[in-house]
Amino acid sequence: MNSEASKKQPTYYEEIRLKGYSRRDFMKFASMMAAFMGLESSAIGQVVKALETNSRVPVIWMHFQECTCCSESFIRSSHPIVADILLDMISLDYSETLMAASGVQAEAALKNTLEKYKGKYILCVEGSVPVAADGVYCMIGGKTSLQVLHEVAEGAAAVIAWGSCASNGCVQSAKPNPTSATPIHKLLKGIPVIKVPGCPPIGEVMAGVIVHYLTFGKIPELDRIGRPKAFYSKRVHDSCYRRPFYDAGLFVETFDDENAKKGYCLYKVGCKGPSTYNACGVMRWNEGTSFPIQSGHPCIGCSEENFWDNGRMYERASAFSGFGIEADADKWGKVALGVTAAAVAGHAIATNITKYKKIHELEAEGKEGEKDVIS
Amino acid sequence: MATKYLHIPRLRRIYVWELPVRLYHWLNVLAIIVLVATGFYIANPLALMSQKEAANAFTMGWVRFLHFTAAYIFFFNFLFRIYWGFVGNKYANWKQFIPTSKRFFKEIWSVIRMDILFQKNRPGQREHLSIGHNALAGLTYFFVFLLFLVQCLTGFGLYAAMSDWWLPQLFAWVPAFFGGDIVMRQVHHWAMWLFILFTVIHVYLVFYHDYVEGRGEISSMGGGWKFIEEEFFEKEKPHTPNPHKP
């Protein structure tokens, strides 16, 4: 990134070679990353050059209200270099889960990075921040997570919100949200936040976001709710291998029926794939092994806003929150239709009673006219 | 016998609904029927038992195709109706739908009093009888137009993800506004029920007005004519807001 730092620090490429990877391994990694980011083949050279010339960007990885599944996903991304170099190198500065230091040393390392790399480090946040009761629901080293967040975000070059907790609050912000768990973009004003939602997000997507920043020195293009377009512009539905069954109208009715065995579409058992933007169908998890739909489970829409409050996971029917757990739009619609029909019938009866005279007049008038017609 | 109060008025034929308005109305009817029927199917498809390979069937695909085609017709028809609200006759004018005068509200109250509360006329008090829409119906249609708008926004908002054409892309901001596709398709589904409820009340009231007024309400959307009592013109001007006169 700059000459002073690169003298002190080896480049990414040098780190990779030191770890025992060959040039070929490195080139494979660069090609794979370029492909994941949706770049054309000419961009592989750019990725290679960036990793060869840039010294590592310090990364601070904060954990707040979360389950660490994002970290787990990240270290299982398909290329070992991701875990060995990106995570190993970047997380050394500060990561509650993976750093070697602890206690006073860890805090000192954090403080050191904050001061030394002010304006240069990437801040990764895993987890939401509880703001209720002055933030006492999540405290680290005697500070509330909100204080910690503001402290570390101040000098960050970019902020990445890992996972649904940091991006949209996830399960802890589901109604009634007792701790007021808040996604970080609502707490950081004036700093661009890259949202990488998912529970967890895909490891390759996480690596791709970081490599994009390293290669181009700026944050990737984001969609309207702040997710990198390269990974979140298509619906899970659009890349789903069960899509032909959807178009054919062949659906799993229950999880144990014949259709489920045949691998039909999971739409009717609540699949949120048609309304969820993510790259699951293309990248998959655990070195590209599988993703929920491939395992016979409907998509739960984890990369969408407020996904825990978006209705039931195993039904298409839309839940009317606050109107009883079993009520959905169609049930209320039918009730409303019944009430309307009854009101209409009541009105018709009342009309015939109260407007009897008028209706009778019209009828008599018509009959009078009819008499004048010569048959 | 009824003859003691029988009074036979002369009727004047009034051209109320112009041909474009009638075409709009029936095209809208057709589009809404198709949209509701296919919409129910898309929300909860039938359990098909097919021996066909998926590659040889396209049931859901065809239903969705119909839904999207009808949606485009509905959308452009809606746009046309808004345009006609500025160039059509006084009964089609936008002032029929948006209250711009005190008289509009007075007539709404009068309609409620007569048709919903079934109050008897006090001596000398005239009935609310209007020629085009009555004021309450006009205001209701204004809210129905807002419902059309919500349905177009959410529908094309959902559709934007499947299309590269600039028109649906104009609606690509809608999902973020509603907080994602999942919530938006629920709004789209709930709003559909309002169409159904509106249809029930609308069809009933057309029969009601024909029945108690004897002016050819039902057939007016066929030929465009209503038959208005001659004395109605003699006594006072029509209560319909007239945009062409200040």
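Taking the stretch B:132-244 and the helices (runs of 4 or more DSSP H) fully enclosed by it, the elements with 2 or more residues that are within 30 Å of residue A:273 (Cα to Cα) are at B:135-159, B:166-169, B:174-178, B:181-213. The residues of the stretch A:227-240 that are part of a loop (DSSP other than H, G, I, E, B) and within 11 Å of chain B (Cβ to nearest Cβ), listed by number, are A:227, A:233, A:234. Contact map, the stretch A:51-62: residues that are closer than 14 Å to residue A:216 by Cα paired with residues that are small (Gly, Ala, Ser) and surrounded by 23 or more Cβ atoms within 10 Å (Cβ to Cβ), Cβ distance under 9 Å, separation 6+ or inter-chain. Pairs shown: A:51/A:30. Taking only pairs six or more apart or across chains, which ones have beta-carbon atoms under 6 Å, a first residue in the stretch B:179-207 that is over 25 Å from residue B:159 (Cβ atoms) and more than 7 Å from chain A (Cβ to nearest Cβ), and a second residue that is β-branched (Val, Ile, Thr) and surrounded by fewer than 18 Cβ atoms within 10 Å (Cβ to Cβ)? Correct list of pairs: B:206/B:218.
Going through the stretch A:96-138 one residue at a time, which ones are aromatic (Phe, Trp, Tyr) and farther than 15 Å from residue A:159 by Cα? Spell out how you get there, then give the answer.
Residues of the stretch A:96-138 aromatic (Phe, Trp, Tyr): A:117, A:121, A:137.
Once the filter is applied, which keeps residues that are aromatic (Phe, Trp, Tyr) and farther than 15 Å from residue A:159 by Cα, the stretch A:96-138 yields only A:137.
Cβ-Cβ distances below 6 Å connect no pair with a first residue in the stretch B:26-46 that is closer than 16 Å to residue B:156 by Cα and within 14 Å of chain A (Cβ to nearest Cβ), a second residue that is part of a helix (DSSP H, G or I) and polar (S, T, N, Q), and a separation of six or more residues or different chains. Looking at the stretch A:223-241, I want the residues that are without any contact (Cβ under 8 Å) to a residue 24 or more places away in the chain and have a partner that is not aliphatic (A, V, I, L, M) with Cβ atoms under 9 Å, at least 6 apart or on another chain. Which pairs are those? Between residues of the stretch A:223-241 that are without any contact (Cβ under 8 Å) to a residue 24 or more places away in the chain and residues that are not aliphatic (A, V, I, L, M), the close pairs are A:224/B:173; A:224/B:175; A:224/B:177; A:229/A:38; A:229/A:220; A:229/A:221; A:229/A:223. Restricting A:225, A:194, A:219 to those that are touching a strand residue (DSSP E or B) at 6+ places or on another chain (Cβ under 6 Å), more than 26 Å from residue A:290 (Cβ to Cβ) and at pLDDT below 90 reduces the list to A:219. In the stretch A:346-375, the residue that is farthest from the chain's Cα centre (by Cα) out of those that are more than 9 Å from chain B (Cβ to nearest Cβ) and among the hydrophobic types (A, V, I, L, M, F, W, C) is A:374. Kindly indicate whether residue B:11 is within 14 Å of chain A (Cβ to nearest Cβ) and more than 30 Å from residue A:242 (Cα to Cα). Yes: the conditions hold for residue B:11.
I'd like the residue in the stretch A:263-281 that is under 18 Å from residue B:180 (Cβ atoms) and more than 10 Å from every other protein chain (Cβ to nearest Cβ) and, out of all such residues, is nearest to the chain's Cα centre (by Cα).
We begin by selecting, within the stretch A:263-281, every residue under 18 Å from residue B:180 (Cβ atoms); these are A:267, A:270-280.
Restricting the remaining residues to those that are more than 10 Å from every other protein chain (Cβ to nearest Cβ) gives A:270-271, A:273, A:278-280.
Values: A:270: 18, A:271: 16, A:273: 13, A:278: 7, A:279: 10, A:280: 11 Å.
That would be A:278.
The values are calculated or read from the model by the stated rules, or taken from the named source; none is laboratory data. Values in this document were obtained by computation on a predicted structure and should not be read as measured data. All Cβ positions, even for glycine, are placed from backbone atoms using ideal geometry, and neighbour counts span all protein chains on display.
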